[in-house]
Each structure stands twice: as C-alpha cells, then as structure tokens.
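> Pasting a structure below so you can have a look.
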Amino acid sequence: MGKSVLLIEDEPNIIEAIGFILSRDGWTVASHTDGATAVDAVRKTVPDVVILDVMLPNRSGYDILKDLRNDERLTNLPIMMLTARGQTKDREMAQEAGASCFMTKPFSNKDVLSTLRELAGG
C-alpha cells in the first residue's frame, strides 16, 4: 500500500510536477493551495508526509508549520519545506519552526522522491 502526501503549494506547475512524480511512484497525492486553511487541511487528512511551500496566499508556510508543530497529533508528522528562496536564513527559520527537511526550487525529481521516501520511513 502506498503512502499519502499532502502538497500545500499554490503554483499549478509545481503541483502537477510533484503530483506526477509521486503518483507514478505509488503515492496518494492531495493538494491544497490556500495558506489560511492549510492547517485544517492537514488535520483533516493526516497524511504520511506534508510538503509545505513557504510562500502561500493568505499565510506564510512558517506560520503554518508552527501551528502544526503545536498540535499534539501532528508534532511528529514529517514536513518538508519547499521554497524558491534557499538562503541560510530561510533554512534556519524552517529548522527553528520544526521542519523535517528543506528543499529549494528548482528541485530534481530524484531528490524529491528519495527525500519523501526517507521521511515516510522507507
């Protein structure tokens, strides 16, 4: 049985690319595009892994991450932050907020797959 991932991203081309890569690998992929309702979407679906964009409409990925980490049910949920900004400051903010890992755009398909497999425990 495949693993599930919730992709919280507002760029349609990124959603399509990651969705294709992961579904071809056996993942069940759901996506969500609005930062304001992202925490509720995670609580509702409780996926095996979350991919969370930093820059979303209506709410920052960092704020969403902090809320998820403050929810007892989601404290250990693997969350990969995804951003077009890869400066050290951005990585540090993600790490401080509780990200499991950090990946910059553009990304390689191979890196996305191997990282998510690792986060999902195999």
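The values are calculated or read from the model by the stated rules, or taken from the named source; none is laboratory data. Just so it is clear, the model here is predicted, and its values are computed rather than measured. Note that we place each Cβ from the backbone using ideal geometry, even for glycine, and neighbour counts take in every protein chain shown. Heavy atoms of the whole protein, side chains included, go into the accessibility calculation; ligands, DNA and RNA do not. Shrake-Rupley method; radii C 1.70, N 1.55, O 1.52, S 1.80 Å.
> Taking 0.36 nm per residue of sequence separation and subtracting the Cα-Cα distance, how much length would be gained by fully extending the chain between S23 and V46, in nm to one decimal?
Gain on stretching S23 to V46: 6.5 nm.
> Going through the range 52-117, which trypsin sites (Lys or Arg not before Pro) have at most 15 other Cβ atoms within 10 Å and a DSSP loop state? Numbers along the way, then the final one.
On the way: sites: R59, K66, R69, R73, R85, K89, R91, K110, R117; in loops: R85.
The qualifying sites are R85.
> Of all beta bridges DSSP finds with both residues in the range 4-117, what is the antiparallel percent, to the nearest 5?
10 percent
> Once the chain is represented by equal point scatterers at the alpha-carbon sites, with solvent omitted, what log10 I(q)/I(0) does the Debye formula produce at q = 0.16, 0.18, 0.22 Å⁻¹?
Cα-only, vacuum Debye calculation for the chain: -0.68, -0.88, -1.41.
> Could you give the radius of gyration (one decimal) and Dmax (whole number) of the Cα atoms in the range 59-117, in Å?
Considering the range 59-117 through its Cα atoms, Rg and Dmax are 11.7, 33 Å.
> I would also like to ask the following. Rolling a 1.4 angstrom probe over the protein heavy atoms, how many square angstrom per residue are accessible across the range 4-117? Could the numbers behind the result be given before it?
On the way: 5790 Å² over 114 residues.
For the range 4-117, the per-residue accessible area is 51 Å².
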